[in-house]
Amino acid sequence: MSVLSESEENVGRYYDEVIFDAEVRRLKEFFPVEYAITTRHLRRWIRDATTVIEVGVGGGLYSEILARQGHQLCLVDVSAKLLDAAVERLRARGLEKQVIRVERASATNLDCFQDGAFGVVLMLGPLYHLLTPDERRQAVGEAGRVLKPSGVLFASGINRLAYLRDLFRESPENILARRNFIGQFLQDGNLNPEIAPPIGHAHLTTVDEFRDLFADDFKEMAMVGVEAFSSPWQVKLNELSESQAEAWLDLIERSETLMPDALGMADHFLYVGEKT
């Protein structure tokens, strides 16, 4: 187990003690488009069986998908409860043999893993909680270090505009009280538990900032606005038949290809890059 910084311990504790249940339920119940589109990209870009390090396991849904595809998994998170839940999810489905290692560690420090050990790195969450540019660059550097030549990185970020949209929808009367905070937020993208309790200490990004994070070490293969136009209404997907849902997901992906504007409308950005 790597030594965690105070801020990393705080993030782990926040998931363990405050939002664990919500995180385990989050994707399928409340963000099914995010889950479905991300899953499509995992299946599209990871074709041959390989060893995957998943840094930030969430509720273990992506772990299950990768295990079912025959990949070997190293599971990493700052939350002990999320790691336990992901392992139990795989065990309950007879997939525990696909897990070769479990580590409580941070994306910024993967020194318990060797250089070039993995064919794929998943960071579908850690970059949300790294508040300084140096921390985010360090995490991307660690991803590049543990990847094999031509290995693939999947990384997600949250659109900075999503917070402002939700503030306008849920409590627009707070605009004057939060004027100073919003001015700072537009510059640095950082949130805290008092302002945004569901996510706690978090960093929300812009398209250019997110792209630039990977430019030195990776060749971009895809950069998509995951939910595109569906962002505020994702739960609608759960009300549809399978064929209807697939048709909408096809349309969402088509809109991402045809219209760069889809990035600005999405809650999440997904970057897929090849190590150079």
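The values are calculated or read from the model by the stated rules, or taken from the named source; none is laboratory data. These figures come from a predicted structure and were not determined experimentally. Heads up, the Cβs are rebuilt from the backbone with ideal geometry, glycines too, and the neighbour counts pull from every protein chain shown.
Quick notes
- Pair list, Cβ under 8 Å, 6 or more apart: segment 159-171 residue surrounded by 16 or more Cβ atoms within 10 Å (Cβ to Cβ), other residue part of a strand (DSSP E or B): Asn159/Thr205; Asn159/Gly225; Asn159/His268; Asn159/Phe269; Arg160/Thr205; Tyr163/Leu191
- Set Glu54, Glu34, Glu29, Glu8: member being part of a helix (DSSP H, G or I), modelled with pLDDT of 95 or more, buried (at least 17 other Cβ atoms within 10 Å of the Cβ) and charged (D, E, K, R): Glu34
- Of all residues in segment 135-192, those being more than 27 Å from Ala215 (Cβ to Cβ), more than 21 Å from the chain's Cα centre (by Cα) and not small (Gly, Ala, Ser) number 14.
- Residues of segment 94-119 satisfying the condition of being of a type in the set (D, E, K, R) and farther than 15 Å from Leu73 by Cα: Asp111, Asp115
- Hey, Met221 touching a residue at least 12 places away in the same chain (Cβ under 8 Å) and buried (at least 18 other Cβ atoms within 10 Å of the Cβ) or not: no
- Arg89 being within 20 Å of Glu34 (Cβ to Cβ), in contact (Cβ under 8 Å) with a residue 24 or more places away in the chain and out of contact with any Phe, Trp or Tyr (no Cβ under 9 Å at 6 or more places or on another chain): yes
- Check on Arg145, within 27 Å of Val226 (Cα to Cα), of a type outside the set (Gly, Ala, Ser) and surrounded by fewer than 20 Cβ atoms within 10 Å (Cβ to Cβ): yes
- Residue within segment 111-118 that is under 23 Å from Gly273 (Cα atoms), free of Cβ contacts under 8 Å to residues at least 12 places away in the same chain and of a type outside the set (Gly, Ala, Ser) present: no
- Given (1) at pLDDT below 95; (2) charged (D, E, K, R); (3) crowded, with 22+ Cβ neighbours inside 10 Å, index of the condition Asp48 fails: (3)
- Verdict on Gly200 being touching a helix residue (DSSP H, G or I) at 6+ places or on another chain (Cβ under 7 Å) and either modelled with pLDDT of 95 or more or not basic (Lys, Arg) (or both): yes
- Looking across segment 75-128 at every residue that is closer than 24 Å to Lys148 by Cα and polar (S, T, N, Q), the one that is surrounded by the most Cβ atoms within 10 Å (Cβ to Cβ) is identified as Ser106.
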